[in-house]
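Single-structure report; data block below.
The values are calculated or read from the model by the stated rules, or taken from the named source; none is laboratory data. If you're wondering where the values come from, they're calculated on a predicted model, not measured in any experiment. FYI the Cβ positions are ideal-geometry reconstructions off the backbone, even for glycines, and counts take in every protein chain you see.
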Amino acid sequence: MKTLRILLLFAVSFSLMTACEKEKFTPADDASGDAELVTRAHKGPKTKIYTAELGMLNMSGAMATVTVADNPDGSLTVMVEASGLEANMVHPQHIHGFADNTRPAVCPDESADTNEDGIIDLGEGVPFYGGVLLSLTDEEGNFPMADENGDLMYERTFSAEMVSSLKVLQNREIVLHGGTVMDEYWPTLPVACGSLGTPDIYPVGASGRR
């Protein structure tokens, strides 16, 4: 699945890209010119692929895999595959963090429930994962809706200007929102959270042999 997501991201973001290879690969012994390809791959532009596995918050049952491509032109392509959400409901989703980069964002633990009501609400989560740095909406500004099974699929490429405040991505947290509390739907309730880990790096335009 991770390989499929990466291929989909590359197809959307770089239709002119001829091929993508792992930064670390071994040239074939009988392939002339491979040494030059390796040199170009290490010196040329690269795409960084981050993956976050989101675990549930507030006993929501929600989980998700988020893939983020940090493209050579500065744009970001974000893909969300979520399940266990409230069916047929809109679910806000964001990249959170601390704009001054003084500390990395993290998912809240039980200590975040300062009023001890058994719920980590939006305000209680902010000291852990920071404020909203990027809202994961469509081009019209709308958050996605889960289907009748509680599944959600989302994909969008954001321009470099839209994501200039996000770097460094390893310090950021992905948070999905939207859950029912006492028969009332809270669109701001954090229901899943996860960190962007160390990226895989892919040189752009290399065409060595596997």
Any residue at all in segment 62-73 that's assigned to a loop (DSSP other than H, G, I, E, B), out of contact with any strand residue (DSSP E or B) (no Cβ under 6 Å at 6 or more places or on another chain), within 23 Å of residue 188 (Cβ to Cβ) and modelled with pLDDT under 95?
no
Picked from segment 144-166 (must be under 13 Å from residue 62 (Cα atoms) and small (Gly, Ala, Ser)), the residue surrounded by the most Cβ atoms within 10 Å (Cβ to Cβ) is 146
Apart from one, (1) at positive phi; (2) surrounded by fewer than 18 Cβ atoms within 10 Å (Cβ to Cβ) all hold for residue 130; the odd one out is (2)
Residue 77 fails exactly one of (1) part of a helix (DSSP H, G or I); (2) closer than 20 Å to residue 171 by Cβ, namely (1)
Residues of segment 178-193 being over 30 Å from residue 72 (Cα atoms) and surrounded by 17 or more Cβ atoms within 10 Å (Cβ to Cβ), in sequence order, are 178, 179, 186, 189, 190, 191
Selection from segment 182-192 of residues modelled with pLDDT under 95 and either at negative phi or of a type outside the set (A, V, I, L, M) (or both) yields 183
Expected output for segment 130-147 (first residue within 29 Å of residue 100 (Cβ to Cβ), partner among the β-branched types (Val, Ile, Thr) and outside any loop (DSSP other than H, G, I, E, B), Cβ below 8 Å, 6+ apart or cross-chain) is 132/95; 133/95; 134/95; 134/163; 136/78; 136/80; 136/95; 143/90
Across segment 88-132, the tally of residues that are in a loop (DSSP other than H, G, I, E, B) and closer than 25 Å to residue 145 by Cα stands at 10
